Amino acid sequence: MDAASALMAQAAALLEAGRRAEAVLLVNRLAADGEAEALFTLAEWRLRGDVLPQDLGLARALYGRAGDAGHARGAAFHTNLLALGLGGARNWPQALKRLRIEARGDRRRREAAALVDRMTLTGQGDPVAVPAARPLSASPDVRLVPGLLSPAECDYLARVAEPGYGPSIVVDPSTGRDYRDPVRTSDGSTLHWLIEDPAVHALNRRLAAATGTAAEQGEPMQILRYRPGQQYRRHLDHIPGEANQRLATALVYLNEGYEGGETLFTASGLKVKGRKGDALLFRNMLEDGRPDPAAEHAGLPVTRGVKLLASRWIRQARHLPG
């Protein structure tokens, strides 16, 4: 272990022991000397807002400095935030330029760049066109967009999600906290802002275009995995008491070849099982802002094989990480 690594380990031990001020002082000293891991650690603290007050702009800048010092993840996170416009101005062309440089030495970044290059996008990363939606129901308002994502794009999302699976969670309406509930037995992987690379971001902008919303209104995309017997029992996506409410939901079927697993709207009996790349879009709210009881739905149990689904909840206004 070199001297800088030993000092970072010492800072971690100080933090664990509750000696926060000493840990921060040590990491700041290393960062001032250009130590990449220290810069990355400060960026993490500023993003999360736990050790130091949250400052998204400073976090983004620190990830960039860590990248410049040779920290590959710091460089990638800075590029991702640049593409999103989180923590500062959005600069899609610059994000793509950086992505292509990072692709020279990283297989996953190379895959992301290749996927973006196959998309037909505007200069700002928006889709030039999206397929027409096919109405399935008026109450609730449910539409299907056939082939919104290509098979290659579906496969890419599945690969990106693979390392991050854990038990899916729901939101406690009384506290706003996430927790594990038997109502939802799938596994989930959240493609949060730091790992929402330019390819994933372009797909989120396509979902936004298909729903007539801004990409910034979306929560991070979740990739859900349902094995035999797993399901999401009847529920509403509306969050009681939330000011910035979930206006709509977008689901994309990422694979085929499984049995069961249909999306059921319980009030109307509408049952949907899309093909690979199809997007199911539905509103969660009535025009007066109240939750639409007809939007109650369930992911029926998978009986054979594995179902993969991309899910994105869309808020009324811009949604920022907590």
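Observations
- Judged by the mean number of other Cβ atoms found within 10 Å, the most tightly packed of the peptides 255-262, 199-206 leads the ranking 199-206, 255-262.
- CD proxy at 222 nm, helix term only [per DSSP H run n ≥ 4: -39500 (n - 2.57); per residue of the chain; nearest 500]: -11000 deg cm²/dmol
- Gained length - Glu22 relative to Ala132, 0.36 nm times residue gap less alpha-carbon distance: 33.8 nm
- Among Leu300, Leu254, sorting on how many other beta-carbon atoms sit within 10 Å of each Cβ, with the fewest leading, yields Leu300, Leu254.
- Burial ranking of peptide ranges 82-88, 207-213, 136-142 (average Cβ count within 10 Å, highest at the top): 82-88, 207-213, 136-142
- Its residues counted as N, the stretch 3-117 yields a C-alpha radius of gyration over 2.2 N^0.38 Å of 1.14.
- Quarter of Cα convex hull surface for the chain, i.e. mean projection, nm²: 17.6
- The angle separating the long axis of helix 36-48 from the principal Cα axis of greatest extent in the chain is about 40 degrees.
- Taking the C-alpha atoms only, the angle from helix 20-32 to the longest principal axis of the chain is near 80 degrees.
- Between 0 and 90°, nearest 10: helix 72-84 axis offset from the chain longest Cα axis: 50
- Most positive-pole-ward Cα, Leu15, Gln54, His71, against dipole of the stretch 3-117 from beta carbon charges: His71
- Applying 1/(1 + (r/R0)^6) with R0 = 30 Å to the Cβ-Cβ distance of Asp2 and Gln94 gives a FRET efficiency near 0.35.
- Ratio Rg/Rh, restricted to the stretch 134-315 and using Cα atoms, in which Rh is the Kirkwood radius: 0.92
Laboratory data are not the source of any read-out in this text; all were calculated from the coordinates shown. This one's a predicted model, so the numbers in the text were calculated from it and none came from an experiment. Cβ coordinates were reconstructed from backbone atoms using ideal geometry, including for glycine residues, and neighbour counts include every protein chain displayed.
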